[in-house]
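Visitor: Questions regarding the structure given below will be posed in turn.
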Amino acid sequence: MFKKYGSSVNVFISLLMLWNHGAIVADAKTTVKIVPDYPGKSSFGIHCESGDDDLGGHIIAQGSYYSFSFKPNITPWGSTLFHYALNWEGRGLSFEIYNGDRDLNNRCDELCLWKVRLDGVSGYKEGEDNPDIFFPWTR
């Protein structure tokens, strides 16, 4: 039945097997960066993790930033997902700082920039000056 399709079927099956094992990844690395963008000198705390990696907790001082880089995975079950928990001066928030379904090939292929502000956290589409995502403080 597949003889007339020859090597095309073999290539398709090989790619499907690689995809099934999570071996197909985006070529370029993506960097997620979060910076303070509020008045004063206070620091904020973050904790970042994915289903595979716990990047731990960090304190980010005014004038500094936190970033990490990775190669996004693309699988039939979904794609790379990083969660952040953020605390600042009694305020708190948990959100998806990187979601491959939302961010890959559309929003931030190389850099995902996030700013902690007085009213919440804003995300910026690569190359844009205005935020395209906003998460208000939840506590």
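The values are calculated or read from the model by the stated rules, or taken from the named source; none is laboratory data. Here the structure is a predicted model, which means the values were calculated and not measured. Note that each Cβ is placed from the backbone with ideal geometry, even for glycine, and that neighbours are counted across all protein chains shown.
Visitor: Output the qualifying pairs, or none if there are none: Cβ atoms under 6 angstrom, residues six or more apart or on different chains, first residue in segment 93-117 and over 11 Å from His83 (Cα atoms) and touching a residue at least 12 places away in the same chain (Cβ under 8 Å), second residue of a type in the set (Ser, Thr, Tyr) and part of a loop (DSSP other than H, G, I, E, B).
Guide: Correct list of pairs: Gly100/Thr80; Arg117/Tyr38.
Visitor: Could you tell me whether Gly123 is loosely packed, with under 15 Cβ neighbours inside 10 Å and more than 10 Å from the chain's Cα centre (by Cα)?
Guide: no
Visitor: Same structure again: Taking segment 106-116 on its own, how many of its residues are surrounded by 17 or more Cβ atoms within 10 Å (Cβ to Cβ) and either more than 12 Å from the chain's Cα centre (by Cα) or in a strand (DSSP E or B) (or both)?
Guide: Number of matching residues: 5.
Visitor: Sticking with this one: Does segment 34-54 hold any residues that are under 15 Å from Phe95 (Cβ atoms) and not polar (S, T, N, Q), and which are they?
Guide: Once the filter is applied, which keeps residues that are under 15 Å from Phe95 (Cβ atoms) and not polar (S, T, N, Q), segment 34-54 yields Ile34, Phe44, Gly45, Ile46, His47, Cys48, Glu49.
Visitor: For segment 28-40, state whether one or more residues are at pLDDT below 90 and in a loop (DSSP other than H, G, I, E, B).
Guide: Of the residues in segment 28-40, the ones at pLDDT below 90 are 28.
Cutting the leftovers down to in a loop (DSSP other than H, G, I, E, B) gives us 28.
Checked segment 28-40: at least one residue is at pLDDT below 90 and in a loop (DSSP other than H, G, I, E, B).
Visitor: While we're on this one: Determine if segment 58-75 includes at least one residue that is exposed (fewer than 12 other Cβ atoms within 10 Å of the Cβ), in contact with a Gly (Cβ under 7 Å, 6 or more places away or on another chain) and farther than 19 Å from Ala28 by Cα.
Guide: yes
Visitor: Considering only segment 76-107, how many residues are over 19 Å from Pro36 (Cβ atoms) and either of a type outside the set (Phe, Trp, Tyr) or in contact with a Gly (Cβ under 8 Å, 6 or more places away or on another chain) (or both)?
Guide: Count: 16.
Visitor: Just for segment 57-97: of the residues that are aliphatic (A, V, I, L, M), outside any loop (DSSP other than H, G, I, E, B) and modelled with pLDDT of 95 or more, which one is nearest to Leu111 (Cα to Cα)?
Guide: Ile97
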